[in-house]
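Heads up, the thing below is written out as structure tokens.
The values are calculated or read from the model by the stated rules, or taken from the named source; none is laboratory data. Given the structure is predicted, the values throughout are model-derived calculations rather than measurements. As a convention, Cβ positions derive from the backbone with ideal geometry for all residues, glycine included, and neighbour counts pool all protein chains shown.
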Amino acid sequence: KTVLFKDRLIPKEEVSVSIDDRGYYFGDGVYDVFRIYNGRLYEQEAHLLRLERSAWEARIALPYPIREIGRKLEELLNEEKVLGGTLYVQITRGEAERIHHFPERAFPVLSAFCKSAERPLEKIRGGIRALLLPDLRWLRCDIKSLNMMPNVMAKQQAIDSGYDEAIFERNGIVTECTSSNLLIAKEGTLYTHPANEFILHGITRGVVIRLAAELGVPLLEQAFTVEQLMKADEVMVIGTMAEVTPVVQIDGKPVGAGQVGPLAQKLQAAFEATFDPDRTG
Ligand code: PLP
């Protein structure tokens with residue numbers, strides 16, 4: 001298995017991460033996850049721009065211009081020849097003695113690897129069950145930071161309780177999920193949390209907003225409450241791996257009729273048409 005580490009494509013076994021890497025002891029870094037369909041990076045430009053923005057907001061200087069990082073990721077994918085899966089990339093602030101403020105001489109550390117993965121078709125077709133939990137994250141969820149503790153804890157709590165995913169709520173407002181955004185449908189209109197500092201600005205969310213417009217389905221980027229969530233006709237999780245996954249149960253109560261709804265099916269069909277599902281593992 002080949003990975004990208006610093007500026008080189010090397011066998012995974014040859015990677016040696018420094019104990020001085022700020023990503024290692026502070027989670028001081030940013031990342032992004034691309035979807036691979038048919039051996040190609042899906043929405044490559046949008047992911048690269050988001051990575052560049054995350055780094056900028058975190059005041060991490062990119063080790064190379066974003067276009068060059070894009071070329072390196074393509075080289076990695078060409079080497080790995082993954083047809084369906086994901087490509088993970090992270091940039092940490094660099095290696096230095098453990099002090100809180102930014103070190104003077106640290107060079108950011110870039111690393112990336114590919115992973116083969118099947119589309120989660122059972123969940124996409126049949127829907128998932130979600131658990132509502134308080135959003136304990138910081139107030140810059142728009143930065144794709146390596147600090148994932150609240151997401152990891154919430155996801156595990158959901159699984160421990162027999163659910164598939166956690167839905168975050170902050171002061172009665174529904175924000176998003178642990179690794180996906182959320183969409184609800186009420187009387188034919190779709191609602192999703194506005195792209196501000198309370199959520200990650202999902203690439204899939206952007207694609208779905210575009211698709212809804214093309215389909216003539218009204219969509220509002222407007223915050224909604226827990227009460228509105230529980231009374232929604234349909235609820236969908238949208239993300240790089242989840243694509244458009246219906247939520248059919250929340251906290252043990254059925255969403256709408258408790259089945260995959262018509263808008264979810266419509267969006268799924270439109271989403272699948274943006275790549276070629278027949279050739280993807
Ligand atoms: N929200 C969070 C917290 C995430 O971690 C992710 C994805 O990784 C998303 C939303 C969905 O974003 P995207 O569609 O770019 O995968």
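If the condition is being hydrophobic (A, V, I, L, M, F, W, C), surrounded by fewer than 17 Cβ atoms within 10 Å (Cβ to Cβ) and within 19 Å of Asp142 (Cα to Cα), then the range 18-48 contributes only Phe26. In the set Gly216, Gly127, only one residue is without any contact (Cβ under 8 Å) to a residue 60 or more places away in the chain, over 16 Å from the mean Cα position of the chain (by Cα) and on the phi > 0 side of the Ramachandran plot; that residue is Gly216.
Each row is one residue, and each column tells you yes or no for (1) out of contact with any strand residue (DSSP E or B) (no Cβ under 7 Å at 6 or more places or on another chain); (2) more than 16 Å from the ligand (Cβ to nearest atom); (3) at pLDDT below 95.
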| site | (1), (2), (3) |
| --- | --- |
| Val109 | no, yes, no |
| Arg125 | yes, yes, no |
| Pro134 | no, no, no |
| Arg140 | yes, no, no |
| Thr178 | no, no, no |
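When the test is whether a residue is part of a strand (DSSP E or B) and over 30 Å from Gln259 (Cβ atoms), Val89 passes it. Of all positions in the range 16-32, at least one carries a residue that is at pLDDT 95 or above and within 17 Å of Gly85 (Cα to Cα).
Every residue in the range 49-69 that is farther than 15 Å from Tyr31 by Cβ and either within 16 Å of the ligand (Cβ to nearest atom) or buried (at least 18 other Cβ atoms within 10 Å of the Cβ) (or both), please. Scanning the range 49-69 gives no hits. I need every pair where a residue in the range 78-99 that is farther than 16 Å from Tyr24 by Cα and not assigned by TED's automatic domain parsing to the domain that holds Ala242 has its Cβ under 6 Å from the Cβ of a residue that is modelled with pLDDT of 95 or more and assigned to a loop (DSSP other than H, G, I, E, B), sequence separation at least 6 or different chains. From the range 78-99, the pairs are Leu83/Gly39; Gly85/Ala117; Thr86/Ala117. Taken over the range 12-43, residues that are farther than 25 Å from Trp56 by Cβ, out of contact with any Ser or Thr (no Cβ under 6 Å at 6 or more places or on another chain) and in a strand (DSSP E or B) amount to 2.
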